[in-house]
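Peer 1: The structure's right below; bear with me while I get my questions together.
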Amino acid sequence: MKIIVHIAEYKIAHNSGILLTNGLGSCVAIALYDGRQKLGGLLHFLLPDSSLSVDVSNPAKFADMGTDQLVYDMLESGANIKNIRAKIVGGANMFSQIRRANYVPIGTRNIEAAKTNLERHGIPIVAEDTGKDFGRSVEFHLDSGILIVKSFKMGVVEL
Amino acid sequence: MDFINLESIQLDGIREIANIGSGHSASALSQIVGHKVMINVPEVKIIPVEKISTLWENPNEIITGILLDFLGDITGKTLLLFTKNDAKYMVDILLGRETSDAMLFGEMEQSSLKEIANIVVSAYLSALGTFLELMVIPSVPALVIDDAASVLTSAYLSGDTDNIDTVFCIKTQFEFVQGEKILEGYMLFLPDTDSLKTILKALHLD
């Protein structure tokens, strides 16, 4: 069964499910997986930090609050924090042709934020397909923990 | 500024200046393609940033997006959107060659498309600037060909965006008939929040 995770959402599923998210430009997807339980969660966040926003009613919009919520729900669903591994995808800088002085692209900041927040929870990142200048989509297969990353530019990559 | 509470007279004013801008864009575009170009009444869209991909009907479709920042008395972004096929057709017309289904999008095609965007957006912004008596200058265009959802979110969040939660956008649809084909495109005008205030002030609607 395919479960769609929209922008600024996260979902948790297990066993034979597939978590699917599209339209990862500068956004980043964090996939957490507990292989022993075959339990996985997928977050598609937009922004590196909730302090950038006035409206913080949806934690899944942000790397910091979104990661906290995803980890919390994974543990609630029976995952063991010691067994959780992470993979991250996205964080492109699609409009790199417009040069801006003293500006760190939002995609780059999102990748950094994903890493910082996962480290805060002590979750190791085992694979990533991040940066560059193109959009991606992710299929997270929960029977194997494998991520299929698709893009118009690079085709299909297994992670 | 609270976008949700804009009064209807303010929205009318904004739609009206967008109409003036779009009218000039449409005639610029019709000179390029040699056909009459139709525009619809500009729509004001106020949506949460996470729903920005709804500005394109099928968010997974591969589209061409050309982003131009604008600066001067007002700042913000404009984004011109076409399906990949329609963009290719337009470029073929501009280059005066047989339209083909070959989907090659090389250097030549890309720079032609950026040139089209330059002309269309400059016409829009200069008409707006003249009417409002404000200085508005477009940046060089950046072109991407990718899925609509990625293009829209990344374009909006690129550079300094002063309202990160809510997208304020004026959307105009262009349409022209080429043989048996109807080509269409969208222009999005995305002023920064402060600039929206400046525009309303220039219209005496603040």
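Peer 1: Which one of A:N93, A:N22 is more than 22 Å from B:D160 (Cα to Cα), surrounded by 16 or more Cβ atoms within 10 Å (Cβ to Cβ), facing another protein chain (nearest Cβ under 9 Å) and in contact with a Pro (Cβ under 9 Å, 6 or more places away or on another chain)?
Peer 2: A:N22
Peer 1: Out of B:I46, B:I52, B:I32, B:I93, which single residue is assigned to a strand (DSSP E or B) and either open to solvent by less than 60 Å² (accessible area, probe 1.4 Å) or within 19 Å of B:L196 (Cβ to Cβ) (or both)?
Peer 2: Unique residue meeting the criteria: B:I46.
Peer 1: Further question: Which residue pairs have Cβ atoms under 9 Å apart, sit 6 or more places apart or on different chains, and have a first residue in the stretch B:30-48 that is over 27 Å from B:D12 (Cβ atoms) and a second that is open to solvent by 60 Å² or more (accessible area, probe 1.4 Å) and assigned to a strand (DSSP E or B)?
Peer 2: Going by the 9 Å Cβ cut-off, the qualifying pairs are B:H35/B:V177.
Peer 1: Which numbered condition in (1) open to solvent by less than 20 Å² (accessible area, probe 1.4 Å); (2) closer than 30 Å to B:S139 by Cα is the only one that A:I88 fails?
Peer 2: (2)
Peer 1: For the stretch A:105-159, give me every one of the strands (runs of 3 or more DSSP E) that falls completely inside it and has 1 or more residues that are free of Cβ contacts under 8 Å to residues at least 24 places away in the same chain.
Peer 2: A:146-151, A:155-158
Peer 1: Just checking, how many residues over the stretch A:45-57 are at the interface with chain B (Cβ under 9 Å from one of its Cβ atoms) and either buried (at least 19 other Cβ atoms within 10 Å of the Cβ) or touching a strand residue (DSSP E or B) at 6+ places or on another chain (Cβ under 7 Å) (or both)?
Peer 2: Within the stretch A:45-57, residues that are at the interface with chain B (Cβ under 9 Å from one of its Cβ atoms) and either buried (at least 19 other Cβ atoms within 10 Å of the Cβ) or touching a strand residue (DSSP E or B) at 6+ places or on another chain (Cβ under 7 Å) (or both) number 3.
Peer 1: Taking the stretch B:118-169, which residues are open to solvent by 30 Å² or more (accessible area, probe 1.4 Å), more than 23 Å from A:M94 (Cβ to Cβ), part of a helix (DSSP H, G or I) and touching a strand residue (DSSP E or B) at 6+ places or on another chain (Cβ under 6 Å)?
Peer 2: Residues satisfying the conditions do not exist here.
Peer 1: What residue, among those in the stretch A:106-138 that are away from every other protein chain (no Cβ under 13 Å) and charged (D, E, K, R), is least open to solvent (accessible area, probe 1.4 Å)?
Peer 2: A:D129
The values are calculated or read from the model by the stated rules, or taken from the named source; none is laboratory data. Fair warning: this is a prediction, and the values are worked out from it, not measured in the lab. When we count neighbours, we look across all protein chains shown, and the Cβ atoms used for this are built from the backbone with ideal geometry, even at glycine. Just the protein is used for accessible areas: all its heavy atoms, side chains included, with ligands, DNA and RNA removed. Shrake-Rupley method; radii C 1.70, N 1.55, O 1.52, S 1.80 Å.
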